[in-house]
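Right, one structure below, let's go through it.
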Amino acid sequence: MSEELVDQTHALTVFELVAREVPRTHLEELLRQAQSAAMPAPAFAALERAVHLGLAIGEATEQRRRREAAMAALIDAAREINSIQDPEYLLSVVTSRARRLLGCDVSYVSLPRPEGGSYVHASDGETTMFNVGLEIEEGHGLGEVAQGEGGPLWTADYLGDTAFPRSDRVDEVVRAEGLRAILAVPMRHSGKTVGALYAADRKIRHFTPDEIGLMRSLADLAGTALDRTRLMEHVQTDLADVGARRARELAISSRSRFLSEARGKLAGMVLDGCDLRDVATVAGDVLNGSVAVHDAAGCLIVGVGAPQDVDAAVTAKASLDALAMRAPIALGPTLWAAPVIAGAEDLGALITRTQRPLSDEEAKFLHFAGQAVALVLLLQRSTAVAAGPVRDELFDNLLADSNRSVRHLAEQARRVGIDPKRPHSLLVIRVEGSEQGRAVVWASSYAHRRSGLKTVRNGCILLLLPGENPSAIAQSVHHELSPLLAQPVSVGAAGPTRDLAAIREVYREAQRCLDALIAIDGQGSAAATEDLGFLGVLLSDDHDVDRYINSTLGAVLDYDNERDTELVRTLDAYFSSHASPTRAAGVLHVHANTVSRRLERLTELLGPKWQEPSDALEIQLALRLLRTRQVLRHRHGPGRRDQADRRDT
């Protein structure tokens, strides 16, 4: 066989092995076998040349395959990256793809900070708590330098490389993670750097141009996608804001139409002659809350909805503040007060508690509701003035010494809306100065609102009002009328009575109460006979001693009766002994400590001021009347007040 044929045979053998893609070791083994067989030098040289060519061909083929695989992985990464809409998820995918593309241990992304420098935003492959959020000083670290130069930058051994500015914080993290080789590539879009993509290994590694090119391509894809997702996020946020704003505008527009219709409905109701409860009900429905109408004194006229735990003093102050502002005011996040005014006259306040704060439009509606309440009150006042002569005639008949039957008076009372079976109290009002005319107009409206009667006699205004507590009624009238007038208002009250025939006597008692109030320098105040203590007993037509005793000592008498104690006897002995507990103990034949404990109990029952001169005088008078009554009843035997006697024991 010729030498040329042998060379061709060896070359074909090598190429056949290369075509079969045998491992590199097979070719190297073929060369060793030829050398061991003492192949002639020319033939061995030809074989060696063929093996080297085969190895080069295999290496080129393998490199091409790696590139094709890398490009396929890059295309797959691009497809996934371009489908992502969330910036946060995008960066997590980019770090994962970078780590797999380069077969490295760790990959991470840093983003620029507004104030300069950057921070680690996402990472993948870390074994320690890789500091996501780690701040990198401007111009320090591999990524900062790469972004500044606008191109990739890598080092085979980061901690041993001094070719770039270092950052102590980054060095600490790199050391904790055990990283050696690091590659940093800027992420750019439209010529602008938007961050940096890193790949890192825990061994010394020299990154190839192909690997650097792959990272650069991935970084460019990531930069473009990051800008796109951020833009989409801004667009979605803007669209959501526009949608929310549009929804709010539609809701406000719808609410405005609803409030406008409600105002029209409320105005129509007032013109049709509705009452205060109707206005309050509509206002409560519209504002979705409870509504209460208070008069100028802060007293509740009508309430709709859940009870309102609003203090009367707070209501009165709110009324004054709202009157001063002539507009609704907020007493709290969900508590509002609207003025009820007619010109300069304060008629009261409309208080509402809602489930949420009121809008400006709703506050305007509340103001309109307050005006509607004021109009209803004025209409009621006009009605009261128009019906005044008939009602005044009834009151005059009740006060007159006439021969009209009680039955006839009761029928007349029912015709004007007065229930003759209800207990009524009578008030005599004296207005100083020249403002009685204004007070009479107010009294007509007040009597109409309270289902009572009004008349004028002997220069005083008389009110007959339903209620069992003349003292409280007198105080309420005084508190409401006084702020309307510049001159003092004095009110005397008596009652109550369920007997129409007794109205005249009750009037006389109320008049005497007023006279006594003025005589003791009480002008500008209000009181009932029961408020005047022992003086009230003298002023009363029936001289009701029992009522005086019970109003003064009732709590002590009840305590003794229920617990079989001797507090009344102790009280009597205490005053008889000149307020000396020791002497009282001697009179009662008990220890002084016992008297002290009883005195403490008396303070609980009578109040802390029972030993002050005025209260002590009333108590001593009541004790004397009690002793006198017991003596008289003992002499005359049991009568029709046996129950009261048992209470005295």
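The values are calculated or read from the model by the stated rules, or taken from the named source; none is laboratory data. It should be emphasised that the depicted structure is a prediction, and the values quoted were computed from it without experimental measurement. Neighbour counts are summed over all protein chains in view; Cβ atoms, including those assigned to glycine, are modelled from backbone coordinates with ideal geometry.
Some notes on this structure:
- Counted residues, region 172-195 - those being part of a helix (DSSP H, G or I), surrounded by 14 or more Cβ atoms within 10 Å (Cβ to Cβ) and out of contact with any Asp or Glu (no Cβ under 8 Å at 6 or more places or on another chain): 3
- Failed criterion for Ser482 (all others in (1) in contact (Cβ under 8 Å) with a residue 60 or more places away in the chain; (2) among the hydroxyl-bearing types (Ser, Thr, Tyr); (3) within 17 Å of Gly522 (Cα to Cα) hold): (1)
- Of the set (1) at pLDDT below 90; (2) surrounded by fewer than 19 Cβ atoms within 10 Å (Cβ to Cβ), all apply to Asp157 but (1).
- Helices (runs of 4 or more DSSP H) (entirely within region 365-459) containing at least 2 residues that are at pLDDT 85 or above: 388-399, 436-449
- Any hit, region 46-58, residues being of a type in the set (Val, Ile, Thr), modelled with pLDDT of 70 or more and surrounded by 16 or more Cβ atoms within 10 Å (Cβ to Cβ): yes
- Subset tally (residues that are touching a Gly at 6+ places or on another chain (Cβ under 9 Å), touching a residue at least 60 places away in the same chain (Cβ under 8 Å) and within 20 Å of Asn397 (Cα to Cα)) for region 456-470: 1
- Residue count for region 456-509, restricted to those that are surrounded by fewer than 16 Cβ atoms within 10 Å (Cβ to Cβ), under 21 Å from Gly417 (Cβ atoms) and among the hydrophobic types (A, V, I, L, M, F, W, C): 1
- Search result, residues across region 62-115 that are of a type outside the set (Lys, Arg), under 21 Å from Ala181 (Cβ atoms) and exposed (fewer than 15 other Cβ atoms within 10 Å of the Cβ): Gln63, Gly103
- Region 460-489, residues that are among the charged types (D, E, K, R) and either in a strand (DSSP E or B) or over 37 Å from the mean Cα position of the chain (by Cα) (or both): Glu468
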